[in-house]
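Here the structure is laid out as structure tokens; the discussion comes afterwards.
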Amino acid sequence: MTDTSFTEEERAAMKERAKEVRAAARRGGKKADGEADVLAKIAEMSGTDRVLAERIHAIVKENAPGLTPKTWYGMPGYAGDNGKVVCFFQSAEKFKSRYATFGFNEDALLDDGSMWPTAFAVTELTAENEARIAELVKRAAG
């Protein structure tokens, strides 16, 4: 019997996450070269996804230098001091989606009243979009 709850792409992402966790356990507390891992994942992307991921990577590094690049479910992620991913990029191609996503996890310091967005569809990066991402990343990182 096969589980139809998750798509093939979601199952592949979960397998990548399991590999990341096993690799961290094998390192025994030693940090991975997250920058190299993230850049390698971005290099695997094609077309618009790669362009978006490269630019978002640069925006995060420039505006939140305290966040550490690391792969998260096989996608670029950026973690705080506690190792938990604060924000991430998800390619459209990998999940056969209409758009790429830039999102934030619960460790992001974005609380704003009783409701706020935690993920954004991204189809292109205009100057206005880049400025908004930079502002959000600075806030999320604290």
Next on the checklist: Taking the condition of being in contact with a strand residue (DSSP E or B) (Cβ under 9 Å, 6 or more places away or on another chain) and either surrounded by 21 or more Cβ atoms within 10 Å (Cβ to Cβ) or among the basic types (Lys, Arg) (or both), how many residues in region 65-86 meet it?
Outcome noted: 11
Checklist entry - For region 113-122, which residues satisfy the criterion of being part of a loop (DSSP other than H, G, I, E, B) and either more than 18 Å from the chain's Cα centre (by Cα) or surrounded by 12 or more Cβ atoms within 10 Å (Cβ to Cβ) (or both)? => result Gly113, Ser114, Met115, Trp116, Thr118
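Return the only residue of Glu16, Glu62, Glu35 being of a type in the set (Asp, Glu) and modelled with pLDDT under 90. Show your work before the answer.
Numbers: Glu62 fails: modelled with pLDDT under 90; Glu35 fails: modelled with pLDDT under 90.
Matching residue, one of Glu16, Glu62, Glu35: Glu16.
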Checklist outcome for this item: Picking from Ala43, Ala134, Ala53, the residue that is exposed (fewer than 15 other Cβ atoms within 10 Å of the Cβ), part of a helix (DSSP H, G or I) and touching a helix residue (DSSP H, G or I) at 6+ places or on another chain (Cβ under 8 Å) would be Ala43
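The rows are residues; the columns are (1) without any contact (Cβ under 8 Å) to a residue 40 or more places away in the chain; (2) closer than 24 Å to Ser46 by Cα.
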| position | (1), (2) |
| --- | --- |
| Asn82 | yes, no |
| Glu93 | no, yes |
| Ala100 | no, yes |
| Gly103 | yes, yes |
| Leu109 | yes, no |
| Glu124 | no, yes |
| Arg139 | yes, no |
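The values are calculated or read from the model by the stated rules, or taken from the named source; none is laboratory data. This one's a predicted model, so the numbers in the text were calculated from it and none came from an experiment. Cβ atoms come from the backbone with ideal geometry, glycine included; neighbour counts cover every protein chain shown.
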